[in-house]
Amino acid sequence: MEEKKNLIVGQSGGPTAAINSSLAGVYSGAKHYGIKKVYGMRHGIEGLLAEKIIDLDDTLDSTFNIELLKRTPSSYLGSCRYKLPKPEAGNEIYKKIFEILEKYNIGMLVYIGGNDSMDTIQKLSEYASMISSSIRFIGVPKTIDNDLPVTDHTPGFGSAAKYIATSISEIVRDSNVYDLKSVTFVEIMGRNAGWLTAASALAQNKFNDGPDFILLPEIGLDLKGFIKVLDNKLAEKNNIVVAVSEGIKDQNGNYISEDEGNVDAFGHKMLSGTSDFMAKIVKTELGVKTRAIEINTLQRAAAHLQSKTDIDEAFNIGFLGVKAGIEGETGVMMYFDRVSDAPYLSIIRKCDINLVANIEKEIPRGWISEDGFGVNEKFIEYAKPLIMGELSNIVCDGIQSHISSLK
Ligand code: F6P
């Protein structure tokens, strides 16, 4: 990339507690490689189209602010769920995007996001090649769902997994305070992939035996059969905790709970209410106390419990994304190639964006217990290294400090 060209970075899709660490890595990488101007698009590609662009030097100008950014959850730049049309020469949307990129003298666009965001990188790089533009397009992965192919795991998953395992362990403690029978359902995000729900198994240790059951979208649920299983378990122990994915489906592949007709730009059904549904039905069928806990956005915003491994990796993959662009790569996503579990080691590489865009990765069946209600050692070995380590806190008036790009 010619030295005089600038870089623009955007964030897209659901946020995580680590996505801003990747932004910090991109910004630091750009400065390290001598890129003069680093711009941020507000609300991803949708904001770029409206020319909502900020100069990151205005706020990220000190080591302290970079450290704060790493500890700030949600998307510092704002996000979007915007699907670009098929790239075709002369398409007005692409013409506008490339005009804006030329106006700001952009040589590299980095997009931090999940499989839908990689669709954006794939389309922009395809259009660039159609019009012989030299702008480079680099994808940096993120998602608490951990459902991107090729990469061993995604930045954001480790921190969310650490929060889920910790919260489940606390919920299990609270669930057995009364001398009565109860079933607590804890609803965890992840759409069609159960990685984050499975991470609840990391709570099972010498201090804690829960959760008792893990319901994953990878396994079609026989609701009647499961209620029988619960009934039998209640004969053995009073208080049961069930980690349930928001995306569990019945045996015909229909979501157990689905927000009727509500879909986002990528056609994903908006999910919520699974724990509530399960708690109501179990209360009616078994007549025991039930509780529904929907962790909701807390699981992707819990920066007070970040995994240091995750935050360091998120930073490095952003930094090396810039390096890849400088070296001439385009239409690629950066990814983690795990070399060893113990000691844990992953190497950052790049792959063709076409291998990733719009593809969802599920938990392998061989990592799920035979009865389908839990995970086995293979999953634990995989997930444990990703939640390791804690970051030092930066606290103001007793609560965590964050940094905001909103003026
Ligand atoms: O994309 C990640 C994710 O957090 C999913 O786990 C969840 O289903 C979805 O985003 C929620 O999206 P939104 O914040 O747009 O409602």
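The values are calculated or read from the model by the stated rules, or taken from the named source; none is laboratory data. These figures come from a predicted structure and were not determined experimentally. Neighbour counts are summed over all protein chains in view; Cβ atoms, including those assigned to glycine, are modelled from backbone coordinates with ideal geometry. Just the protein is used for accessible areas: all its heavy atoms, side chains included, with ligands, DNA and RNA removed. Shrake-Rupley method; radii C 1.70, N 1.55, O 1.52, S 1.80 Å.
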(request) Could you let me know the centre-to-centre spacing of the range 274-348 and the range 137-164, using Cα atoms, in angstrom? (result) 5 Å
(request) Give me the percent of the accessible area of the chain that comes from carbon and sulfur atoms, probe 1.4 Å, all protein chains in place. (result) 49 percent
(message) Taking amide H atoms as placed 1.01 Å from N in the peptide plane, list the residues 5 or more away in sequence, or in a different chain, whose amide H sits under 5 Å from that of Lys350.
(response) Tyr335
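Under 11 Å from the Cβ of Lys162, count the other residues' Cβ atoms, weight Lys and Arg +1, Asp and Glu -1, and hand me the total.
Computed value for this residue: 0.
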(request) Might you work out the accessible area of Thr184 for me, using a 1.4 Å probe with all protein chains in place, and round it to the nearest 10 Å²? (result) 10 Å²
(message) Cut-off under 16 Å on the C-alpha distance; same-chain residues fewer than 8 positions from Lys31 excluded. Which aspartates and glutamates are left, in chain and number order?
(response) Glu2, Glu3, Asp55, Asp57, Asp58, Asp61, Glu67, Glu327
(request) Just flag the GluC sites (Glu not before Pro) in the range 30-93 sitting in loop per DSSP whose Cβ has no more than 16 other Cβ atoms within 10 Å. (result) Glu51, Glu88
(message) With +1 assigned to the C-beta of every Lys and Arg and -1 to the C-beta of every Asp and Glu, and no other charges, what is the dipole magnitude of the range 160-299 about the Cα centre in debye, to the nearest 20?
(response) 360 debye
(request) Per DSSP H run of n ≥ 4, the term is -39500 (n - 2.57); total these for the chain, divide by its residue number, and report the mean residue ellipticity at 222 nm rounded to 500 deg cm²/dmol. (result) -10000 deg cm²/dmol
(request) Identify the trypsin sites (Lys or Arg not before Pro) of the range 200-253 meeting these criteria: DSSP loop state and at most 13 other C-beta atoms within 10 Å of the C-beta. (result) Lys206, Lys237
(request) Determine, for the range 303-407, the count of lysine pairs separated by eight or more sequence positions (or lying on different chains) whose alpha-carbon distance falls under 28 Å. (result) 12
(request) Provide His153, His32, His402 ordered by accessible surface of protein heavy atoms (probe 1.4 Å), highest first. (result) His32, His402, His153
(request) May I ask for the net charge around Ser392, where only other residues with Cβ less than 12 Å from the Cβ of Ser392 are counted and Lys, Arg are +1 while Asp, Glu are -1? (result) +1
(message) So with the 1.4 Å probe, I'd like the accessible area per residue for the range 291-370, rounded to whole Å².
(response) 48 Å²
(request) For the range 160-299, give the share of DSSP beta bridges that are antiparallel, in percent and rounded to the nearest 5; count only bridges with both residues there. (result) 15 percent
(request) Could you pull out every residue, at least 5 positions away or on a different chain, whose amide H is within less than 5 Å of the one on Ser182? Hs are placed 1.01 Å off N in the peptide plane, and Pro or chain starts have none. (result) Asn239, Ile240
(request) Report, ordered by chain and residue number, the aspartates and glutamates lying within cross-link reach of Lys83, taken as a straight Cα distance under 16 Å and ignoring same-chain residues fewer than 8 apart. (result) Glu46, Glu92, Asp116, Asp119, Glu126, Asp264
(request) Check cross-link reach from Lys237 to the lysines: straight Cα distance under 17 Å, and skip same-chain residues fewer than eight apart. (result) Lys181, Lys228, Lys283, Lys289
(request) Could you pull out the longest piece of the chain with no exposed loop chymotrypsin sites (Phe, Trp or Tyr not before Pro) in it, calling a site exposed if DSSP puts it outside H, G, I, E, B and it has at most 12 other Cβ atoms within 10 Å? (result) 208-407
(request) Compute the distance in nm between two label points, each set 7 Å from the Cα along the Cα-to-Cβ direction, one at Lys95 and one at Arg338. (result) 4.8 nm
(request) Give the residues of the range 206-248 whose amide nitrogen is closer than 19 Å to a point set 7 Å from the Cα of Leu180 in the direction of its Cβ. (result) 231, 234-242
(request) Name the residue, out of Ile256, Ile131, Ile311, whose mean-square fluctuation peaks in a Gaussian network model built on the chain with Cα pairs under 10 Å. (result) Ile131
(request) Return the single residue from Leu215, Leu286, Leu196 with maximal mean-square fluctuation; model: Gaussian network over the chain, springs between Cα atoms under 10 Å. (result) Leu286
